[in-house]
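Visitor: Pasting a structure here, questions to come.
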C-alpha cells in the first residue's frame with residue numbers, strides 16, 4: 001500500500017531522471033514523504049528497513065548486502081541487537097537431529 005501511494009504522488013518519476021543527483025533524489029523523496037504525511041529522511045528509511053528486516057528474522061548477511069556495507073561486521077555492530085536470539089531455535093534443531101540420529105542407530109542395531 002505504501003509503495004502504491006508513493007507511485008500515486010509521483011515518486012517513481014524521479015528514477016527516470018538520467019542526470020539526477022543524490023540531492024535530487026533526496027529532495028524528491030522528502031517531498032513525496034511529506035505529501036504522504038510522514039517525516040522521514042532517506043537515511044531514516046534505510047534504518048527502518050534494516051531494523052525491520054533484522055527484527056523479523058531476515059539474515060544479517062542479506063541485510064548487510066542490501067545496505068552496501070563492506071562487511072557484515074558493520075551491520076552486526078550497528079543492528080545486531082535487533083536480530084532475534086536464535087538459541088532456542090538452535091536447541092530445537094539440534095534436538096531433532098539427535099533424535100533422528102538415535103532412531104537411525106536403533107534401527108541399524110535392530111537390523
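What follows draws every value from the coordinates through simple rules; no lab data is involved. The model shown is predicted, which means the values in this text are computed figures rather than measured ones.
Visitor: Compute the distance from the alpha-carbon center of region 59-109 to that of region 32-50, in whole Å.
Guide: Cα centroid to Cα centroid, the span is 31 Å.
Visitor: Would you compute, for the Cα atoms of region 21-88, the largest minus smallest coordinate along each principal axis and list the three values in descending order, in whole Å?
Guide: 44, 26, 15
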